[in-house]
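The values are calculated or read from the model by the stated rules, or taken from the named source; none is laboratory data. In this text, all values refer to a predicted model and were calculated from it rather than measured experimentally. Please note: Cβ atoms are built from the backbone with ideal geometry, for glycine as well, and neighbour counts cover all protein chains shown. What goes into the accessible areas is simple: the full protein's heavy atoms, side chains included, and nothing from ligands, DNA or RNA. Shrake-Rupley method; radii C 1.70, N 1.55, O 1.52, S 1.80 Å.
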Amino acid sequence: MALKKHTDKSYDVELDDLRSKLLTLGGKVEAEIALSMRALAERDSKLAEQVLSADQEVNLLELEVDEGCRRLLALRQPAASDLRFITTALKIVVDLERIGDLAVNIAERAIDLNQSPALRPVHDLTRLAQLCQAQLRKALDAFVDGDPAKAEEVIKDDDLLDALYHNLFSELLALMMEDPRNIRRANSLLFVAKHLERLGDHATNVAEMVVYMVRGTDVRHPHSRELRGRPSRG
Amino acid sequence: MNDVARQRNSSKIVVRNLNAWFGKTHALRGVSLEVPENTVLAIIGPSGCGKSTFVRCINRMHELVPGAKQTGHVLVDGQDLHGRGVDPVDLRRRVGMVFQRANPFPTMSIFDNAVAGLRLNGIGGNLAELAERSLRQAALWDEVKDRLHHSALSLSGGQQQRLCIARALAIGPEVLLMDEPASALDPIATAKIEELIRELREALTIVIVTHNMQQAARVSDATAFFYMGELVEHGATEQIFTNPREPRTEDYVTGKFG
């Protein structure tokens, strides 16, 4: 993020290492989501199995990121933008890892659904998945580029995603009412939709932390802060 | 008193457009800031940035340096310290100072050091009581009460520094200036001085110069960053260390200088 280098260059190396681990983790999580949605769309349970094994790498990376943050905090006593970067890393790694878990949940649903005949295509689910992936991609880009404007778009667009989820909910409910034999499968798809909606929330969390990392202002929970009558603090 | 209330206290020290020179060297350039009563202000910055000169201007020690010059105003409780008719000796009674190296009077006992300021200023009263009070205030009493008449040099470095703080406190100052008070001490002695600073803040207004940024972060309510004689940024300590406004402050607190 900052162009200027630390006087102690090994500090930069450690920060860069942390940043690149987080980006690797982010990339893997993106791939997991794409893979799990393909497993569902293409009715390919082998792809779903790949998600399960990919998630183990994500889990290990989470541990490495945590350890890197702890080491930097203990040994460097970071301040200002470095401190904000490291506290951001500590928080977004949790969101990213959780997105990986959601991909696993979707993959498990895919395996289950693939054992029954296909339900008729639910177009909004594809759109929801695309939107979620775009949100995640944009949140990660905002983190890489240190771009709070991009992060704010993610926060704003979460409403679109929620609206789409509610449409989907009605659509699936209608399918269930049409024919009780649809209930089990439609219910599974509803879970998938819920996982995607949650994924969007985690992407929003990442975006909020990016705003904090760059600007030093906390944009989370504006309504709760209003109730406490307290301005946001840097 | 909580920290928010503290920052709303009225200003104990007001500095306006302070300039200082050593011969032709312009050591302080138009510094203005205020220190609320019962708060701790930390001054940070690289060597030669003017931070020691700044505190030495507050108690008029800067003018003792040959070739030194100073303009601007320093007010304590609204009174201009550099105004006519202000006796620097009276001023230094109200504005005490503690230095980097503990400098107890080497030929005096612990007790005599503690009351040295009182004797010099011809302040009467029960010296034993006054010595005990200031040694307690400096969190040294329990360690020295059984050997008050031993030489001050029999104490450890950290104890000597607290003795110097007791000596400064004995004459009842309202402001305490501390120039790197813990830089020659080990971490435990440093922690004791830092705890002491937090306690003394209840009764005094403190300005501390330090090279140790973690120390500034730990003990102060507000932090001022000086660079090349300029006050670059002055704000709540939490803000300076988490979200400084000025790029030069950011570079300094994150270690991107030089």
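Listed here are the residues, each with its yes/no results for (1) within 30 Å of A:Leu190 (Cα to Cα); (2) not hydrophobic (A, V, I, L, M, F, W, C).
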site: A:Ser20; (1), (2): no, yes
site: A:Glu49; (1), (2): yes, yes
site: A:Glu57; (1), (2): yes, yes
site: A:Leu75; (1), (2): no, no
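Say we look at the stretch A:71-98 and pick out the residues that are more than 14 Å from chain B (Cβ to nearest Cβ) and crowded, with 20+ Cβ neighbours inside 10 Å; which of these is nearest to B:Arg248 (Cα to Cα)?
Across the stretch A:71-98, the extreme among qualifying residues is A:Ala89.
From the set of residues in the stretch A:1-16 that are aliphatic (A, V, I, L, M) and in a helix (DSSP H, G or I), which is most open to solvent (accessible area, probe 1.4 Å)?
Of everything passing the filter in the stretch A:1-16, A:Val13 is most open to solvent (accessible area, probe 1.4 Å).
Residue check: is A:Arg185 touching a Leu at 6+ places or on another chain (Cβ under 8 Å), touching a residue at least 60 places away in the same chain (Cβ under 8 Å), open to solvent by 20 Å² or more (accessible area, probe 1.4 Å) and not β-branched (Val, Ile, Thr)?
So A:Arg185 passes the test.
Report, by residue number, each residue of the stretch B:206-248 that is of a type in the set (D, E, K, R) and either without any contact (Cβ under 8 Å) to a residue 40 or more places away in the chain or surrounded by 20 or more Cβ atoms within 10 Å (Cβ to Cβ) (or both).
B:Arg218, B:Asp221, B:Glu233, B:Glu238, B:Arg245, B:Glu246, B:Arg248
Which ones in the stretch A:201-210 are within 13 Å of A:Lys138 (Cβ to Cβ) and of a type in the set (A, V, I, L, M, F, W, C)?
A:Ala203, A:Val206, A:Ala207, A:Val210
Would you be able to say whether some residue in the stretch A:102-119 is among the basic types (Lys, Arg), away from chain B (no Cβ under 14 Å) and in contact with a Ser or Thr (Cβ under 7 Å, 6 or more places away or on another chain)?
Yes; the residues of the stretch A:102-119 include at least one that is among the basic types (Lys, Arg), away from chain B (no Cβ under 14 Å) and in contact with a Ser or Thr (Cβ under 7 Å, 6 or more places away or on another chain).
State whether one or more residues within the stretch B:226-234 are in a strand (DSSP E or B), within 14 Å of chain A (Cβ to nearest Cβ) and among the hydrophobic types (A, V, I, L, M, F, W, C).
Yes, the stretch B:226-234 contains at least one residue that is in a strand (DSSP E or B), within 14 Å of chain A (Cβ to nearest Cβ) and among the hydrophobic types (A, V, I, L, M, F, W, C).
Being under 18 Å from A:Glu97 (Cβ atoms) and more than 14 Å from the chain's Cα centre (by Cα) is the filter here; which residues of the stretch A:6-35 pass it?
Within the stretch A:6-35, A:Leu18, A:Arg19, A:Ser20, A:Lys21, A:Leu35 qualify.
For B:Glu199, only one of the following conditions fails: (1) open to solvent by 10 Å² or more (accessible area, probe 1.4 Å); (2) touching a Leu at 6+ places or on another chain (Cβ under 7 Å). What is its number?
Among (1) open to solvent by 10 Å² or more (accessible area, probe 1.4 Å); (2) touching a Leu at 6+ places or on another chain (Cβ under 7 Å), B:Glu199 violates only (2).
Looking at A:Glu30, A:Glu49, A:Glu57, A:Glu64, can you tell me which residue is away from chain B (no Cβ under 14 Å), closer than 30 Å to B:Arg218 by Cα and either not hydrophobic (A, V, I, L, M, F, W, C) or not in a helix (DSSP H, G or I) (or both)?
Residue meeting the stated conditions: A:Glu64.
Just the residues that are buried (at least 24 other Cβ atoms within 10 Å of the Cβ) and either within 14 Å of chain A (Cβ to nearest Cβ) or at pLDDT 95 or above (or both), please, taken from the stretch B:177-196.
Residues satisfying the conditions are B:Leu177, B:Met178.
Test A:Glu153 against the stated conditions and say whether it is open to solvent by 30 Å² or more (accessible area, probe 1.4 Å), within 18 Å of the chain's Cα centre (by Cα) and modelled with pLDDT of 95 or more.
So A:Glu153 passes the test.
A:Asp101 passes all but one of (1) closer than 22 Å to A:Lys138 by Cβ; (2) in a loop (DSSP other than H, G, I, E, B); (3) not aliphatic (A, V, I, L, M); which number fails?
Every listed condition holds for A:Asp101 apart from (2).
Does the stretch B:249-258 hold any residues that are within 7 Å of chain A (Cβ to nearest Cβ), of a type outside the set (S, T, N, Q), out of contact with any Lys or Arg (no Cβ under 7 Å at 6 or more places or on another chain) and buried (at least 18 other Cβ atoms within 10 Å of the Cβ), and which are they?
Once the filter is applied, which keeps residues that are within 7 Å of chain A (Cβ to nearest Cβ), of a type outside the set (S, T, N, Q), out of contact with any Lys or Arg (no Cβ under 7 Å at 6 or more places or on another chain) and buried (at least 18 other Cβ atoms within 10 Å of the Cβ), the stretch B:249-258 yields B:Glu250, B:Val253, B:Gly255.
Go through the stretch B:22-32 and count every residue that is in contact (Cβ under 8 Å) with a residue 40 or more places away in the chain and surrounded by fewer than 18 Cβ atoms within 10 Å (Cβ to Cβ).
Selection size over the stretch B:22-32: 6.
For the stretch A:17-43, enumerate the residues that are open to solvent by 50 Å² or more (accessible area, probe 1.4 Å) and either touching a residue at least 24 places away in the same chain (Cβ under 8 Å) or closer than 17 Å to A:Asp145 by Cα (or both).
A:Asp17, A:Arg19, A:Ser20, A:Leu23, A:Thr24, A:Lys28, A:Ala41, A:Arg43
Evaluate the stretch A:163-175: report whether one residue or more is closer than 23 Å to B:Pro244 by Cα and either open to solvent by 50 Å² or more (accessible area, probe 1.4 Å) or modelled with pLDDT of 95 or more (or both).
Within the stretch A:163-175, not a single residue is closer than 23 Å to B:Pro244 by Cα and either open to solvent by 50 Å² or more (accessible area, probe 1.4 Å) or modelled with pLDDT of 95 or more (or both).
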